[in-house]
Amino acid sequence: MSSIPSELSPPARLLLGPGPSPTSPEVLRALGKPTVGHLDPFFLGIMDEVRSMLRTVFGTQNELTFPMSGTGSAGMETCLVNLIEPGTRVLVGINGVFGVRMAEVARRAGAEVQVAKVLWGLPMSAEALLEAAGGQSFDLLCVVHAETSTGALSEIPPLRAVADQLGALLVLDCVTSIGGPTLELDAWGVDAAYAGTQKCLSCPPGLAPVSFSPRAQERLAKRKRAVQSWYLDLSLIANYWGAERAYHHTAPINMLYGLHEALRQVLLEGLPARALRHRLHASAFRAGCTALGLSMVVEGAGRLDPLTSVHCPEDVQEAQLRSFLLKEHNIEIGGGLGPMAGKIWRIGLMGSGSSRDNVERCILAMAEALSDQGFGSKGDALQAVAEVYAKA
Ligand SMILES: *Cc1c(COP(=O)(O)O)cnc(C)c1O
């Protein structure tokens with residue numbers, strides 16, 4: 001080998017996109033602690049604490065609650081492959097990219113999939129689901145709580161009522177809501193939920209917390225065939241996370257240190273305080289955007305606080321603004337996906353990234369980037385931001 005690359009020195013980016021969010025300094029410190037064996041008594045204690053903290057953050061008493069080794073999509077796949085056998089009837093609510101992905105995973109797992117679509121940018125509606133169901137019964141109803149591709153937050157109790165009507169278990173994508181907006185899996189009657197570490201938990205990507213209700217557990221026990229995926233088979237994983245501690249795969253030790261610290265930080269702050277913090281900084285950011293002359297993709301009650309989508313004005317180059325922010329200000333924001341590609345920006349104020357300093361930095365940088373493209377701001381955006389904080 002002619003030359004060995006030098007030791008890594010990553011740029012200090014401010015991550016204000018749809019994920020990953022900034023890893024908090026506490027979590028970064030935890031990740032760097034000495035690695036122990038995955039059956040070490042010290043590590044077994046950590047596993048129990050992680051499970052217990054996860055239950056609190058998910059709002060559940062579910063025994064079957066633990067992190068899967070993999071990103072949020074592995075959590076999605078875990079919920080679906082374990083609850084689906086060939087011919088299982090699944091209704092998926094689609095209001096963005098992640099609903100599309102759930103339908104695809106369910107089809108590949110052999111389910112008979114029906115989809116209910118609403119306009120991207122809207123929360124999922126009970127009416128759309130009932131119409132698509134057409135009076136038939138289903139085994140599973142799958143919906144996304146926080147659609148990160150558009151910035152819409154769906155209200156769960158009305159969707160649970162639909163699941164009851166269909167006779168279905170309710171599967172919920174909580175990847176962008178865990179550690180942000182409050183989660184109440186038990187109160188909402190959610191049967192299977194999955195999440196990810198790299199959004200509002202401010203941990204790097206790599207683990208996917210999942211939780212299964214007693215009803216879902218019964219369904220698993222009644223399976224006729226073994227789960228197609230050996231790696232994601234909950235009956236095997238539960239033997240490692242449960243009392244048996246049977247080897248299945250080597251748990252990502254240091255990532256679990258990171259998740260342990262991330263969950264601790266959430267509980268130290270308190271769940272209601274954390275939800276309010278996400279709300280406050282999202283409101284300030286939106287006020288700043290409005291003053292810049294920009295309009296939001298999602299209006300009203302269905303808005304997701306950890307992620308705001310903003311329309312790109314006609315005469316502004318969408319990708320050029322993002323690269324300006326990255327080059328001139330070290331700030332990463334996201335563009336649109338699917339039908340929204342090139343048309344919107346997605347700004348995440350997630351976990352430790354949700355702060356007044358970050359709102360002001362991002363608004364100032366966007367003002368500069370817009371004016372660089374000759375787009376004149378309407379008002380004093382920083383003033384509009386300050387007014388929201390003054391009222392808080
Ligand atoms: C990010 C995200 C996922 C996928 O998670 P990965 O960690 O990228 O695999 C799934 N659902 C939603 C709502 C997300 O925001």
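The values are calculated or read from the model by the stated rules, or taken from the named source; none is laboratory data. Computed from a prediction, not measured in an experiment: that's the story for all the values here. Cβ: placed from backbone, ideal geometry, glycine included. Neighbour counts: every protein chain shown. The area values use the complete protein model at the heavy-atom level, side chains included, leaving out ligands, DNA and RNA. Shrake-Rupley method; radii C 1.70, N 1.55, O 1.52, S 1.80 Å.
Among (1) at positive phi; (2) over 22 Å from the mean Cα position of the chain (by Cα); (3) within 16 Å of the ligand (Cβ to nearest atom), which single condition is GLY167 missing?
(3)
Hey, can you tell me all the residues within the stretch 338-380 that are among the hydrophobic types (A, V, I, L, M, F, W, C) and under 22 Å from GLY180 (Cα atoms)?
Those that are among the hydrophobic types (A, V, I, L, M, F, W, C) and under 22 Å from GLY180 (Cα atoms): TRP345, ILE347, LEU349, MET350, VAL359, CYS362, ILE363.
Per-residue answers, yes or no, for (1) of a type in the set (Gly, Ala, Ser); (2) farther than 26 Å from SER229 by Cβ; (3) modelled with pLDDT under 95; (4) under 15 Å from the mean Cα position of the chain (by Cα):
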site	(1), (2), (3), (4)
GLY110	yes, no, no, no
MET124	no, yes, no, no
SER137	yes, yes, no, no
THR150	no, yes, no, yes
PRO158	no, yes, no, no
VAL171	no, no, no, yes
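Could you say which residue among LEU153, LEU220, LEU130 is within 12 Å of the ligand (Cβ to nearest atom) and open to solvent by 10 Å² or more (accessible area, probe 1.4 Å)?
LEU153
Quick check on this structure: which one of ARG277, ARG322 is over 30 Å from GLN217 (Cα atoms), in a helix (DSSP H, G or I), in contact with a strand residue (DSSP E or B) (Cβ under 7 Å, 6 or more places away or on another chain) and of a type outside the set (Ser, Thr, Tyr)? Explain how you work it out, then say what you get.
On the way: ARG277 fails: in contact with a strand residue (DSSP E or B) (Cβ under 7 Å, 6 or more places away or on another chain).
Matching residue, one of ARG277, ARG322: ARG322.
Checking the structure you have, find out if any residue of the stretch 46-67 is hydrophobic (A, V, I, L, M, F, W, C), over 26 Å from PRO272 (Cβ atoms) and surrounded by fewer than 20 Cβ atoms within 10 Å (Cβ to Cβ).
yes
So, VAL36, is that one open to solvent by less than 80 Å² (accessible area, probe 1.4 Å), under 24 Å from the mean Cα position of the chain (by Cα) and at pLDDT 95 or above or not? Show your work before the answer.
Working: open to solvent by less than 80 Å² (accessible area, probe 1.4 Å): yes; under 24 Å from the mean Cα position of the chain (by Cα): no; at pLDDT 95 or above: yes.
Here the answer is no, as VAL36 does not meet what is asked.
Taking into account only those residues within the stretch 62-84 that are away from the ligand (no atom under 16 Å from the Cβ) and touching a residue at least 60 places away in the same chain (Cβ under 8 Å), which is nearest to ASP139 (Cα to Cα)? Explain how you work it out, then say what you get.
First, the residues of the stretch 62-84 that are away from the ligand (no atom under 16 Å from the Cβ): 62-66, 82-84.
Adding the requirement that they be touching a residue at least 60 places away in the same chain (Cβ under 8 Å) leaves 62-66, 82-83.
Values: ASN62: 20, GLU63: 22, LEU64: 20, THR65: 21, PHE66: 24, ASN82: 13, LEU83: 9 Å.
It comes out as LEU83.
Checking the conditions here, which among GLY59, GLY19 is on the phi > 0 side of the Ramachandran plot and within 16 Å of the ligand (Cβ to nearest atom)?
Exactly one of GLY59, GLY19 is on the phi > 0 side of the Ramachandran plot and within 16 Å of the ligand (Cβ to nearest atom), namely GLY19.
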